[in-house]
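*Asks:* First the structure, then my questions, so here it is.
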Amino acid sequence: MTLNFNDETFRGDYTFRNSPAAIRRFPFPFDQDSYMYSVNLEPHAGGREGSPFQNRFDVDEHYVAEMKDREITLTEDPLRCQSLPHMELAGWDFLELVMVSKSEDYPELFTLNRDGDRWHWINRPLGIEQRFTFLDPTTLPCGPMEYITRQTQGDHALLDQRDGNLWMDAGMVTSQADWSLDFDIGMNFYEWHAPVPKANEMGVFQRALKFLLNLQQGAPVRRLNWTMTVNPRLDTSPENYHKWGPEKRTITPENVGEKQHLRVELQTLWRLPRSNAIAFPIRCYLMSLEDIVSQPKWGRRLHRVLRDLPDELAEYKGFAVNRPVIVDYLSKFDDGAETSPGIFPD
Amino acid sequence: MSALELRVAAVEPLSPLVTRFRFEDPAGATLPLFSGGAHIVVEMPDEDTLRRNAYSLISDPLDGSGYEIAVRREDAGRGGSRFMHARVKPGDTMRVTLPINLFSLDLRAKKHVLIGGGIGITPFLAQLRQLQRLQMPFELHYAARSRAEAAGLALLPDLPQIHVHISDEGNRMDLGAILGSQPLGTHIYTCGPEGLIAAVDETGARLGWPKGALHSEAFLAPPPGTPFTVTLKSGRKIEVGAHQSLLEALEAAEVEVDWSCRGGACGRCETGVSSCHGRIEHHDHWLSDEEKAAQTKIMPCVSRFTGESLTLDL
């Protein structure tokens with residue numbers, strides 16, 4: 001597989017684009033014509049070739065540009081990356097997981113040589129070469145979690161497990177759907193999920209937590225989550241709401257297809273060996289409505305999902321204000337035909 | 001439950017009742033590392049019964065060359081430990097699960113105090129290696145009745161932080177002294193008989209320890225009891241023998257039940273009860289007191305039943 005990395009931006013002039021190949025492999029999140037919460041976890045054990053599920057950590061054409069965007073966000077706001085002192089071991093576990101996975105899954109892009117604790121890491125797309133001693137933080141330019149998450153697409157939370165709960169005690173969060181690591185750091189599973197409507201009454205969190213507390217090494221799981229974002233912006237954080245919130249008001253029937261994006265998160269959960277913590281990468285994929293409707297099945301289905309979504313969910317996901325314009329646009333691509341099962345395009 | 005097929009590399013008696021087993025990958029591959037306090041579940045094909053027992057890993061968590069466990073022979077138990085002692089030989093192949101940790105260190109602690117009673121020393125053997133490697137302050141207290149029974153002595157390194165209390169030698173463990181002299185931010189971990197765990201909890205409460213700083217793991221094997229019968233939704237009846245757990249009886253009858261720790265701690269095998277005429281003998285640490293009293297849920301790995309009839313949501 002040869003990857004060409006896009007030169008593109010996720011702010012300002014928003015030059016982000018999906019190539020035709022990226023459109024076909026987009027992780028469309030709806031496997032039926034309606035949506036409600038569920039504990040929709042499945043084993044993260046590969047998937048259709050070429051899809052974002054195939055490899056443990058998906059690397060795509062946006063990799064280099066996303067890492068540049070992360071750097072800009074971190075320079076402006078260093079609190080997007082935090083690790084409480086007891087989480088350093090989990091950071092090393094995660095660094096190992098990413099380096100081993102990427103060097104095995106993308107040998108032409110990444111190389112890891114290990115001689116005991118003496119490691120040698122080469123990241124060709126980002127032009128990085130680093131020799132360091134595993135478990136010795138003085139041999140890296142920053143902490144292990146920060147080091148590896150500056151080179152890994154998606155946000156990443158490290159969850160400590162104790163007292164029958166999970167605690168958000170470390171993370172790198174620069175491409176989030178309106179939540180804040182600085183606010184959530186130190187919270188437990190119920191606390192950081194408190195703003196989500198309906199799901200708690202449905203018992204979703206209790207079941208999900210019980211499942212995750214028993215998550216086994218070597219048996220990672222995944223789920224898809226989604227929301228809507230105006231403009232292809234990665235940093236839709238509460239901290240910068242003043243920058244992106246007003247952009248929601250720029251949607252018109254003429255520009256909705258180009259400006260309105262479906263934002264999909266491929267969330268994976270991994271038990272880490274030495275720390276017994278859980279790594280929680282949240283990988284963000286963006287696609288404009290006009291790219292979505294290029295796949296007729298997706299155009300029909302997205303129309304039906306958004307049209308019939310309960311009001312609280314549209315409100316929580318932050319697109320209630322634009323829902324009529326979005327649904328009206330999508331209705332033109334829904335001829336009422338039946339859609340095939342599953343998420344992949346026809 | 002993902003499992004590994006491992007070769008028994010060594011079998012070594014440590015005391016008349018306790019034997020150490022070492023497992024290695026047959027092809028010499030490195031095994032997944034783990035965290036101190038983790039256990040594996042070992043499968044034992046014993047005639048027509050497939051036994052599965054959980055044992056704490058006692059080897060170095062950062063050494064993937066093998067997994068080691070220490071098994072105490074329980075002559076009054078259901079037969080798993082007798083199988084390990086009598087039947088398992090070097091060179092055998094056995095299936096074990098990947099390590100799972102329900103008793104991990106709280107890495108926020110400023111100091112870790114480990115208190116092991118009898119065979120309850122096992123999770124701490126791995127934890128103390130992890131603590132040494134992380135260079136964290138700790139002390140370990142090992143209590144045993146007699147030196148002959150103290151199988152852990154052979155496994156403990158000679159370190160000033162390690163204190164051995166042999167009650168036959170008049171050297172009983174003084175919990176008040178141990179808990180009374182610790183710096184703020186210390187966490188206490190106890191593993192051993194229920195009595196020891198209760199004593200640490202009481203001492204901690206008396207001395208004003210925060211509950212969140214006291215951790216414990218009772219090594220809970222499914223207790224034997226009188227035979228009983230359960231009914232499934234289909235009307236099918238399953239007999240549970242005196243030396244069999246309900247979970248084992250369901251597995252023998254090829255009824256699918258999810259499980260992980262098999263010791264009443266993880267919650268994975270929780271099963272709904274649709275009708276109960278009698279009393280569920282709850283032995284688990286998972287259900288709340290209210291849930292136990294309601295008799296609408298059972299943990300088939302350790303809990304039993306006496307009475308007229310019990311119908312499960314299976």
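*Asks:* Convert 37 °C to kelvin, take the viscosity as 0.692 mPa s, use the Kirkwood radius over C-alpha pairs of chain B as Rh, and evaluate the Stokes-Einstein diffusion coefficient in µm²/s, rounded to a whole number.
*Replies:* 159
*Asks:* Name the residues whose placed amide hydrogens come within less than 5 Å of the amide hydrogen of A:Trp226, ignoring near sequence neighbours (fewer than 5 apart) on the same chain.
*Replies:* Here A:Glu265 satisfy the definition.
*Asks:* Using the membrane-span-like helix rule (whole DSSP H runs, Cα extent along the own axis of at least 24 Å, mean Kyte-Doolittle hydropathy at least -0.5), which helices of chain A qualify?
*Replies:* Passing helices, by number: A:88-105.
*Asks:* Could you check the simple spin-label distance between B:Lys233 and A:Thr9, using points 7 Å along Cα→Cβ, in nm with one decimal?
*Replies:* 5.8
*Asks:* Modelled label-to-label distance, A:Ser19 and A:Glu290, 7 Å Cα→beta-carbon offset: nm?
*Replies:* Using points 7 Å along Cα→Cβ, the separation is 2.1 nm.
*Asks:* Also, quick follow-up: Could you give the angle, 0 to 90 degrees to the nearest 10, between helix B:122-134's Cα long axis and the longest principal axis of the Cα atoms of chain B?
*Replies:* Relative to chain B, helix B:122-134 is tipped by roughly 50 degrees.
*Asks:* Same structure again: Mind ranking B:160-170, A:322-332 by how tightly packed they are, going by the mean number of other C-beta atoms within 10 angstrom, highest first? All intermediate terms of the calculation are to be shown ahead of the outcome.
*Replies:* Details: B:160-170: 13.7, A:322-332: 17.5.
The packing order, highest mean first, is A:322-332, B:160-170.
*Asks:* Now for a separate question. Using the 4.7 Å Cβ rule, please list in number order the cysteines from chain B without any candidate partner.
*Replies:* Taking the Cβ cut-off of 4.7 Å, the unpaired cysteines of chain B are B:Cys191, B:Cys269, B:Cys276, B:Cys301.
*Asks:* I've got another one for you. Of the GluC sites (Glu not before Pro) in the stretch A:291-346, which ones lie in a loop per DSSP and count no more than 14 other C-beta atoms within 10 Å?
*Replies:* Qualifying residues, ordered by number: A:Glu338.
*Asks:* List the lysines whose alpha-carbon lies under 24 Å from that of B:Lys292, not counting same-chain residues fewer than 8 positions away?
*Replies:* The qualifying lysines are A:Lys210, B:Lys211, B:Lys233, B:Lys237.
*Asks:* Okay, moving on. Taking the alpha-carbon centroid of each part, what is the distance from the stretch A:1-54 to the stretch A:138-162 in angstrom?
*Replies:* What the calculation gives is 23 Å, centre to centre.
*Asks:* With contacts defined as alpha carbon pairs under 8 Å and 6 or more residues apart, what's the relative contact order of the stretch B:239-292 in percent?
*Replies:* The value is 24 percent.
*Asks:* Please compute the modelled spin-label separation between A:Glu104 and A:Ala194, points set 7 Å along Cα→Cβ, answer in nm with one decimal.
*Replies:* 4.0
*Asks:* Let me ask you something else. Near B:Glu149, within a Cβ-to-Cβ distance under 13 Å, what is the net charge of the other residues, with Lys and Arg +1 and Asp and Glu -1?
*Replies:* Working: positive: B:Arg72, B:Arg73, B:Arg145, B:Arg147; negative: B:Asp168, B:Glu169.
Combined, the nearby Lys, Arg, Asp and Glu give +2.
*Asks:* First measure r as the distance between the Cβ atoms of B:Gln135 and A:Ser38, then evaluate 1/(1 + (r/R0)^6) with R0 = 45 Å and state the FRET efficiency to the nearest 0.05.
*Replies:* Working from the Cβ atoms, E equals 0.50.
*Asks:* Whole angstrom only: what separates the Cα centroid of the stretch A:91-133 from the Cα centroid of the stretch B:216-278?
*Replies:* First find each Cα centre; the distance between them is then 46 Å.
*Asks:* Per residue of B:91-100, what is the mean number of Cβ atoms on other protein chains within 10 angstrom of that residue's Cβ?
*Replies:* Details: counts 0, 0, 0, 0, 0, 0, 2, 6, 6, 6.
Mean partner shielding for this stretch: 2.
*Asks:* What's the exposure ranking of A:Thr133, B:Thr122, B:Thr30, going from fewest to most Cβ atoms within 10 Å?
*Replies:* Ranking A:Thr133, B:Thr122, B:Thr30 by Cβ neighbours within 10 Å, fewest first, gives B:Thr30, A:Thr133, B:Thr122.
*Asks:* Full-extension gain between B:Ser65 and B:Thr93, please, as 0.36 nm times their residue separation minus the C-alpha to C-alpha distance. Show your work: numbers first, answer last.
*Replies:* Values: separation 28, 0.36 × 28 = 10.08 nm, distance 1.61 nm.
Working it through step by step, the gained length comes to 8.5 nm.
*Asks:* FRET efficiency for A:Glu129 and B:Ala177, Cβ-Cβ distance as r, R0 = 51 Å, nearest 0.05?
*Replies:* Computed FRET efficiency for A:Glu129 and B:Ala177 comes out at 0.40.
*Asks:* On a C-alpha basis, how far is the centre of the stretch B:144-170 from the centre of the stretch A:284-346 in Å? Whole number, if you could?
*Replies:* 67
*Asks:* Next up: What net charge is computed for the residues neighbouring B:Ser275, neighbours being all others with C-beta under 12 Å from the C-beta of B:Ser275, Lys and Arg scored +1, Asp and Glu -1?
*Replies:* Residues near B:Ser275 contribute -1 overall.
*Asks:* Looking only at Cα atoms, what is the convex hull volume of the stretch B:228-312 per residue, in Å³?
*Replies:* Expressed per residue, the convex hull around the Cα atoms of the stretch B:228-312 is 81 Å³.
Only the coordinates and a few stated rules stand behind these numbers; no lab work does. Just so we're clear, the structure is a prediction, and the values are computed from it rather than from any experiment. Cβ sites come from the backbone with ideal geometry, for glycine too, and all protein chains shown count toward neighbours.
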